[in-house]
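The values are calculated or read from the model by the stated rules, or taken from the named source; none is laboratory data. If you're wondering where the values come from, they're calculated on a predicted model, not measured in any experiment. Every residue, glycine among them, receives a Cβ derived from its backbone with ideal geometry; neighbour counts consider all protein chains shown. Calculation scope for accessible area: heavy atoms of the full protein, side chains included, ligands and nucleic acids excluded. Shrake-Rupley method; radii C 1.70, N 1.55, O 1.52, S 1.80 Å.
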Number of protein chains: 2
Amino acid sequence: MQQRSEETHTRILESANLLFSKNGYDATGVAEICQAAGVSKGAFYHHFPTKQAVFMKLMEGWLNGLDAGFQLMLSQTEDIPQALLQMADMVGDVFESADVHLPIFLEFWRQAMRDPAIWQATIEPYRRYQTYFANLIQEGIAEGSLGPVNPTHASRTLVYMAMGMLMHSLFDPDHVNWPDEVRGSIEIILNGMTRREP
Amino acid sequence: MQQRSEETHTRILESANLLFSKNGYDATGVAEICQAAGVSKGAFYHHFPTKQAVFMKLMEGWLNGLDAGFQLMLSQTEDIPQALLQMADMVGDVFESADVHLPIFLEFWRQAMRDPAIWQATIEPYRRYQTYFANLIQEGIAEGSLGPVNPTHASRTLVYMAMGMLMHSLFDPDHVNWPDEVRGSIEIILNGMTRREP
């Protein structure tokens, strides 16, 4: 029974993800999610109190996967520039493979401007990444692998770039070799961070 | 009469801009635009065939302003890095001042994924900027003010950054001093583009 309940949970999330991405958050109702997932409304509400809760759970799952990947990269590399390159490769692979699910991000952001709870859930991790990368860059400066760059600006530049790429991947998906693309950009930014002032 | 007609045209655009930004494209009807602008439906359809046409005209106006600014910067600066810094300052000022109107971009992108005509109108200028900056960077390499960077990657990095900043300005508007922020990022990227390989 436990296993079946987990399957239901997962099926609801997967169906909701596809519907939100395809039709948007507003246009997707609980009834449609239930139909696509093949579950009853009772089962739905057993797992999630609201449609919004499903939405935020999807975001959380996505970010947890990213965090785990970043931690793995960090533990396997020798210095910060190398770690950032590996993380960029990972992000490039995400863009390359996950086109079906990425449009949901546009929905997150759009809803974030309208719904304080979703705003909180969207902005909190975003700020967390800014701090996370600022700390990594600080570490890189301390270990001597990065130049005397402003960690806040450098970190935000990385996050802006990732977000801009995500936007691009959403609406011009077939035009780019993402692994190459992310590499090309991260190398320029890394150059900018490793350069010593004359 | 000519003047009054132009005023009506402008009033429709301004009202539509505010409503699209505030409530979204889907939720904004021609009737509401007319009411907010204080014009009749007849007057509306005299100026614009559809709501979509208003939407695309807003985009066009915004991009024309940006293009004119870029051209001015280019004519007033001595080399490409200086021109890019000036353009970044201009973009920083836009983010700092124009928070009310920027949410419409999210609507453009969102509709671009659903409506081929809007996709065309959104993607075409976006690709144009990528080419525009790639040409500038190529010119910078030729004049010796930039290092031997890949112009395509460098240009796209700039466009990704700008788009990421635009997204950020939409949903975390009060958290950033935009002129400083854009400067901080462009300087890192310029460092990355001017650096000579050891």
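Return the residues of region B:1-55 that are small (Gly, Ala, Ser), within 14 Å of chain A (Cβ to nearest Cβ) and open to solvent by 20 Å² or more (accessible area, probe 1.4 Å); say none if nothing qualifies.
Result: B:Ala27, single match.
Among what's in region A:114-154 and is open to solvent by 40 Å² or more (accessible area, probe 1.4 Å) and either hydrophobic (A, V, I, L, M, F, W, C) or touching a residue at least 60 places away in the same chain (Cβ under 8 Å) (or both), pick the residue that is nearest to the other protein chains (Cβ to nearest Cβ).
Per the stated criteria, the residue is A:Trp119.
Within region B:159-188, take every residue that is assigned to a helix (DSSP H, G or I) and polar (S, T, N, Q) and give me the one that is nearest to the other protein chains (Cβ to nearest Cβ).
Across region B:159-188, the extreme among qualifying residues is B:Ser185.
Restricting region A:94-124 to residues that are of a type in the set (Gly, Ala, Ser) and over 18 Å from B:Ser21 (Cβ atoms), which is modelled with the highest pLDDT?
A:Ala117
Tell me which of these B:Met193 doesn't satisfy, since it passes every other one: (1) more than 7 Å from chain A (Cβ to nearest Cβ); (2) in contact (Cβ under 8 Å) with a residue 12 or more places away in the chain.
Tallying (1) more than 7 Å from chain A (Cβ to nearest Cβ); (2) in contact (Cβ under 8 Å) with a residue 12 or more places away in the chain, B:Met193 fails exactly one: (1).
Assuming A:Gln111 fulfils every condition listed in (1) closer than 24 Å to B:Thr157 by Cβ; (2) more than 9 Å from chain B (Cβ to nearest Cβ); (3) open to solvent by less than 20 Å² (accessible area, probe 1.4 Å); (4) not hydroxyl-bearing (Ser, Thr, Tyr) apart from one, which condition is it?
Just one mismatch for A:Gln111, condition (1).
For region B:102-154, give me each residue that is assigned to a helix (DSSP H, G or I), of a type in the set (Gly, Ala, Ser) and more than 23 Å from B:Met165 (Cα to Cα).
B:Ala117, B:Gly140, B:Ala142
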